[in-house]
Amino acid sequence: MAPLMIITMFFLWARSMLTVQGGDPTITFEWKVTYGTISPLGVPVKGILINGQFPGPNINSTTNNNVIVNVFNNLDEPFLLTWSGVQHRKNPWQDGVLGTNCPIPPGKNYTYKFQVKDQIGSYMYYPVTAMHKAAGGFGGLRINSRLLIPVPYADPADDYTLIAGDFFNKGYTSLKKVLESGRNLGRCDGVHINGKVAKGDGNDEPLFTMEAGKTYKYRICNAGIKTSLNVRFQGHTMKLVEMEGSHTVQNDYESLDVHVGQCFSVLVTANQEPKDYFVVASTRFTKREVIATGVIRYNNGKGAPSPKLPPPPVSWAWSFNQFRTFRWNLTASAARPNPQGSYKYGSINITRTIKLANTAHKVDGKLRYALNGVSYVEPTTPLKLAEYYNVADKVFKYDNIPDDPPAEITKVTMEPIVLNMTQRNFIEIIFENRETAIQSYHLDGYSFFAVAIETGKWSPEKRKNYNLLDAVSRHTIQVFPKSWAAILLTFDNCGIWNIRSEVWDRHYLGQQLYVSVVSPNKSLNDEYNMPDGALVCGVVESMPRPPPPYT
């Protein structure tokens, strides 16, 4: 074989292996996305199923596993999944948001290939196209610790995923029409737990089973559209052990507020009389409390659950105070064999402060949500593709919102929002909620230190109240009405990454942006090239593929 051919074949093989790292185990899934009838609240509606399931199948992975998911879109419209909380180090091509990926066309498939690199924890996946998240397509994604890495608690008897969320019986196509007509969604019709609500008539099948005397792990995620939930176990306390990828100080809780997009892991010990009990998820900060229950059954237990449910918490202050109890476990090992708290983030100088203020305005008579006076509009060409093909100037402009918004935002414009970030700079982001509705924000590609949430307006002197020692490293943060939240992080993961509202009507109507982190050295040590098989669309669809820029 000619030497040139050997070199060429090796280059093609090496490029195909960039997103699936050799030497680490690979787990493979084949998913068929279809329509189906679901009735989480007892009313049949058109839902979105994965392999016939609602919620979708769990991904059960271990740190550094290579994950391959071949998704067949059998819907009659484009579809795209994101892996919320997975950091995709150096690999924005697998993030599955519309700023980095073309949606999967109807009748086509796309194979995601990513590594859950140096992570542990409880996460979820869900669709980002249209209002598909309101119809299903979501599920749990767990990353277990490797056997050689100790976790700060004994192995549980079993590991359960509990996905709760609000639900609208109108159906996702009707919700989409409501938003596009310029109105908001209003209140949800109900809440589900793993796609179900117990009737409480003694005939409910249990969602989970426990054996007396044993301890179980529950991974609790809020996959809803817009409503914060409180989760509690009848007759049992919860020991919080992990939150969005970080081991926490192990405090006990009677109930937990879980805001949209957030995931917690708790331990529950079966230390009560052997019978049935309810797990409860109820709405928070709504005029009318909506409750869902699911049955937890003790093996060989006798007796229906008590109709007397544990009471919900009251007031915003309760939730504020609970947030302040969340602390990083500084002595626990993380995905790598070193203590989590060895990263002294509190001693790093802040190089840039970005304040993001959310507002609601009418544009041409229709409701739009904005950040710093700009409401995000999804271009037909993903931002990452435009950058890669060197046609960014045809798709978007960089730095089109100010780092410090004006005190009063009276007008809103509509365009894509992209902020340039300098690689490895340590950044402070302030989420300022000027409205009376609770917010929830997520950042792709990273974890950040959630150092403060307070009422009122932020000012530099508020930094003296930051937790600079053991704030939890996480990916989603709530912002209470007329309040602010501060996060700190190092932008060391190259690519284009989404900062979005997890309140999905706000996301759909413009409350999101992207950050671009570019490798100045054009090095594969910083970012992978566009993978073979990546979908192309928009202005680059007919363009020749550029030579790989990273070497």
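Residues in the range 97-107: is at least one assigned to a strand (DSSP E or B), without any contact (Cβ under 8 Å) to a residue 40 or more places away in the chain, open to solvent by 10 Å² or more (accessible area, probe 1.4 Å) and not aliphatic (A, V, I, L, M)?
Here is the first cut: in the range 97-107, the ones assigned to a strand (DSSP E or B) are 104.
Checking which are without any contact (Cβ under 8 Å) to a residue 40 or more places away in the chain leaves us with none.
Scanning the range 97-107 turns up no residue that is assigned to a strand (DSSP E or B), without any contact (Cβ under 8 Å) to a residue 40 or more places away in the chain, open to solvent by 10 Å² or more (accessible area, probe 1.4 Å) and not aliphatic (A, V, I, L, M).
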| Out of the residues in the range 374-418 that are open to solvent by 70 Å² or more (accessible area, probe 1.4 Å) and in a strand (DSSP E or B), which is farthest from Asn529 (Cα to Cα)? | Met414
| said: Looking at the range 515-524, can you tell me whether even one residue there is open to solvent by 30 Å² or more (accessible area, probe 1.4 Å), at positive phi and more than 18 Å from the chain's Cα centre (by Cα)? | reply: yes
| query | Condition test on Asp399, is it within 30 Å of Asn101 (Cα to Cα) and at pLDDT below 95? | reply | no
| field | Check on Gly456, open to solvent by less than 10 Å² (accessible area, probe 1.4 Å) and either touching a helix residue (DSSP H, G or I) at 6+ places or on another chain (Cβ under 9 Å) or modelled with pLDDT of 95 or more (or both) | value | no
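Specify which of the listed residues (Gly510, Gly533) is out of contact with any Cys (no Cβ under 7 Å at 6 or more places or on another chain), within 30 Å of Phe168 (Cα to Cα) and either assigned by the TED database to the domain that holds Gly165 or small (Gly, Ala, Ser) (or both).
Step by step, each of Gly510, Gly533 is checked, and only Gly510 is out of contact with any Cys (no Cβ under 7 Å at 6 or more places or on another chain), within 30 Å of Phe168 (Cα to Cα) and either assigned by the TED database to the domain that holds Gly165 or small (Gly, Ala, Ser) (or both).
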| field | Criterion (on the phi > 0 side of the Ramachandran plot, at pLDDT 95 or above and touching a Pro at 6+ places or on another chain (Cβ under 7 Å)) met by exactly one of Gly195, Gly213, Gly200 | value | Gly195
| request: Considering only the range 164-265, give the strands (runs of 3 or more DSSP E) lying wholly within it that have at least 2 residues that are surrounded by fewer than 24 Cβ atoms within 10 Å (Cβ to Cβ), of a type in the set (Ser, Thr, Tyr) and touching a residue at least 24 places away in the same chain (Cβ under 8 Å). | output: 215-222
| Would you pick out the residues in the range 40-67 that are more than 19 Å from the chain's Cα centre (by Cα) and farther than 17 Å from Phe138 by Cβ? | Gly42, Val43, Pro44, Asn64, Asn65, Asn66
| at pLDDT 95 or above, of a type in the set (Ser, Thr, Tyr) and in a strand (DSSP E or B) - does that describe any residue in the range 325-344? | no
| task | Would you confirm whether any residue within the range 487-499 is under 25 Å from Met124 (Cβ atoms), open to solvent by 30 Å² or more (accessible area, probe 1.4 Å) and either among the charged types (D, E, K, R) or more than 25 Å from the chain's Cα centre (by Cα) (or both)? | result | yes
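Those residues that are open to solvent by 10 Å² or more (accessible area, probe 1.4 Å) and either free of Cβ contacts under 8 Å to residues at least 40 places away in the same chain or touching a strand residue (DSSP E or B) at 6+ places or on another chain (Cβ under 8 Å) (or both), I need them from the range 108-118; list them, please. Reasoning before the result, please.
Within the range 108-118, the first condition is being open to solvent by 10 Å² or more (accessible area, probe 1.4 Å), and the residues that meet it are 108-111, 113, 115, 117-118.
Across the range 108-118, the qualifying residues are Lys108, Asn109, Tyr110, Thr111, Lys113, Gln115.
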| request: Say whether the condition of being hydroxyl-bearing (Ser, Thr, Tyr) and closer than 26 Å to Ala334 by Cα is met by at least one residue in the range 96-108. | output: no
| message | Being out of contact with any Phe, Trp or Tyr (no Cβ under 7 Å at 6 or more places or on another chain), open to solvent by 10 Å² or more (accessible area, probe 1.4 Å) and farther than 25 Å from Glu432 by Cα narrows it down to one residue among Thr353, Thr331; which is it? | response | Thr331
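Being open to solvent by 10 Å² or more (accessible area, probe 1.4 Å) and not in a loop (DSSP other than H, G, I, E, B) is the filter here; which residues of the range 419-446 pass it?
Initially, the range 419-446 is screened for residues open to solvent by 10 Å² or more (accessible area, probe 1.4 Å), giving 420-425, 432, 434-438.
Asn420, Met421, Glu432 - these are the residues of the range 419-446 that are open to solvent by 10 Å² or more (accessible area, probe 1.4 Å) and not in a loop (DSSP other than H, G, I, E, B).
The values are calculated or read from the model by the stated rules, or taken from the named source; none is laboratory data. All figures in this text were calculated on a predicted structure; none of them were measured in a lab. All Cβ positions, glycine included, derive from the backbone under ideal geometry; neighbour counts span all protein chains shown. Heads up: the accessible areas ignore ligands, DNA and RNA and are worked out on the full protein's heavy atoms, side chains in. Shrake-Rupley method; radii C 1.70, N 1.55, O 1.52, S 1.80 Å.
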